[in-house]
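Novice: Can you keep this structure in mind? I'll have questions shortly.
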Amino acid sequence: MPLEAGLLEILACPACHAPLEEQDAELICTGQDCGLAYPVRDGIPVLLVDEARRPQ
């Protein structure tokens, strides 16, 4: 389920404050040194660093 268009414009990575990009069921940090992937559960972004997946 895609997020509302305006929502992605105001969300930022809690770790490095870079913009987020929607990809499948995750929001991926666009920060060059960060790259954390935050889950989206039931249409709600879970922007907790402890819940994020590290880049591979």
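Novice: Taking only DSSP H segments of four or more residues, each worth -39500 (n - 2.57), what value at 222 nm results for the chain once the sum is divided by all its residues, to the nearest 500 deg cm²/dmol? Intermediate results must be reported in sequence, preceding the final value.
Specialist: On the way: 1 runs with 6 residues, N = 56.
About -2500 deg cm²/dmol.
Novice: Okay, next question. What do you get for GluC sites (Glu not before Pro) in the chain restricted to DSSP loop and a cutoff of at most 11 other Cβ within 10 Å of the site's Cβ?
Specialist: Values: sites: E4, E9, E21, E22, E26, E51; in loops: E4.
Here the GluC sites (Glu not before Pro) that fit, given the DSSP loop and packing criteria, are E4.
Novice: List the relative contact order of the chain as a percent without decimals, with contacts defined as Cα pairs under 8 Å and 6+ residues apart. Don't jump to the answer; show the numbers that get you there.
Specialist: Working: 86 pairs, mean separation 14.3, N = 56.
Across the chain, relative contact order equals 26 percent.
Novice: Which whole-Hz couplings ³J(HN,Hα) result when phi for each residue of region 27-44 is put into the Karplus expression 6.51 cos²θ - 1.76 cosθ + 1.60, θ = phi - 60°, listed in order with x for Gly and Pro?
Specialist: Along region 27-44, the couplings run 10, 9, 5, 8, x, 4, 9, 9, x, 4, 10, 9, x, 10, 10, 6, x, 10 Hz.
Novice: So, with +1 on the Cβ of K and R and -1 on the Cβ of D and E, and no other charges, what is the size of the charge dipole of the chain about its Cα centre, to the nearest 20 debye?
Specialist: Once rounded to the nearest 20, the dipole reads 160 debye.
Novice: Right, next: Let me cross-check L48: its accessible surface, 1.4 Å probe, with only protein heavy atoms counted, in Å² to the nearest 10?
Specialist: 100 Å²
Novice: Let me ask something else. Go through (1) -0.57, -0.86, -1.22, -1.25; (2) -0.39, -0.62, -1.06, -1.15; (3) -0.55, -0.74, -1.05, -1.11 and flag the label whose value is the computed log10 I(q)/I(0) by the Debye sum over Cα atoms at q = 0.16, 0.20, 0.26, 0.27 Å⁻¹ for this structure.
Specialist: Evaluating log10 I(q)/I(0) by the Debye sum over Cα atoms at q = 0.16, 0.20, 0.26, 0.27 Å⁻¹ on these atoms matches (2).
Novice: Moving on to the next point. Quick check: residue separation of H17 and T30 times 0.36 nm, minus the Cα distance between them. What number comes out in nm? Write down the numbers at each step before the final one.
Specialist: Values: separation 13, 0.36 × 13 = 4.68 nm, distance 0.95 nm.
Gain on extension, H17 to T30, equals 3.7 nm.
Novice: Counting Lys +1, Arg +1, Asp -1, Glu -1, what net charge surrounds E9 among other residues with beta carbon under 14 Å of its beta carbon? Kindly include the intermediate steps, with their values, before the conclusion.
Specialist: Details: positive: none; negative: E4, E21, E22.
Net of charged neighbours comes to -3.
The values are calculated or read from the model by the stated rules, or taken from the named source; none is laboratory data. It should be emphasised that the depicted structure is a prediction, and the values quoted were computed from it without experimental measurement. As a convention, Cβ positions derive from the backbone with ideal geometry for all residues, glycine included, and neighbour counts pool all protein chains shown. Note: areas computed on protein heavy atoms with side chains; ligands, DNA, RNA excluded. Shrake-Rupley method; radii C 1.70, N 1.55, O 1.52, S 1.80 Å.
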